[in-house]
């Protein structure tokens, strides 16, 4: 007869750890971490710390459980494919050995996440592998909650958009949608601020950077800040943990006090 250890089957659990503030990680995710044998925490090569790992700091996960993995902010598809195929094979080997593997990703598990790439690579390599995905709170949902900013009212159309390089492309998207959730802004922040100022909609737009972390910046309405930010950006305002909420028409219940 096989012993219990030999009968143990491994599993992958993908977890969205939320946008950063303590307490915004699902209970199901906390439970999964508690039973995991290995916790993968992605870290950008240009960062000193894993943001995903910081999001679970209050859970006191044993350090020997955590395995940081480095990744590039890479756009080349062939490089991405090789990176995630190698990672998928590593994780598949751990699961085949009976390990329960948790993969952390900030925000929601399948919204612009490294987990989305890895899961596709893993299922292409081992389609029968047991896995589960636990959703998480997105950064833009957390920003909207922090500044009392409805992401859609009635039949408004909301677009989730990685910031374009072209100002004309961004302007076209604003003109063709009611609400824009602008992510991955980075160095384009001055360009974006200049555009919303020119369009006369700065008072309707909100911005947050590093929500829940050190150097957090929250601006509920950009009316007072658009011109200032164009010439003097606060530290970390243009990092990849920045989100802007844009609308071209006022909220359903609108008052000057909301500015």
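Points to keep in mind about this one:
- Per-residue [θ]222 nm for the chain (sum of -39500 (n - 2.57) over DSSP H runs n ≥ 4, rounded to 500): -9500 deg cm²/dmol
- Principal-axis tilt of helix 189-198 within the chain, Cα atoms, nearest 10 degrees: 30
- Computed from the C-alpha gyration tensor, the three semi-axes of the ellipsoid equivalent to region 4-134 are 21, 20, 13 Å, from longest to shortest.
- Residue among 126, 41, 144 with the largest mean-square fluctuation in a Gaussian network model of the chain, springs linking Cα atoms under 10 Å: 126
- The chain: relative contact order in percent, alpha carbon pairs under 8 Å with at least 6 residues between: 20
- Largest-first ellipsoid semi-axes for region 101-194, taking √(5λ) over the Cα gyration tensor eigenvalues, angstrom: 30, 17, 13
- Principal-axis tilt of helix 167-176 within the chain, Cα atoms, nearest 10 degrees: 90
- Nearest 10 degrees, 0 to 90: helix 77-96 Cα axis against the chain principal axis: 40
- Considering only 135, 127, 220, the Gaussian network model of the chain with Cα springs below 10 Å gives its largest mean-square fluctuation to 127.
- Mean Cβ neighbour count within 10 Å, used as a protection proxy, ranking 114-120, 10-16, 62-68 highest first: 10-16, 114-120, 62-68
- Counting DSSP beta bridges with both ends in the chain, the antiparallel % (nearest 5): 35
- Most fluctuating residue given options 55, 83, 205, as computed from a GNM of the chain linking Cα atoms under 10 Å: 83
Read the figures in this text as sums done on the coordinates, not as results from a lab. What you see is a predicted model, and the numbers here were worked out from it, not measured in a lab. Neighbour counts run over all protein chains shown; Cβ positions are idealised from the backbone, glycine included.
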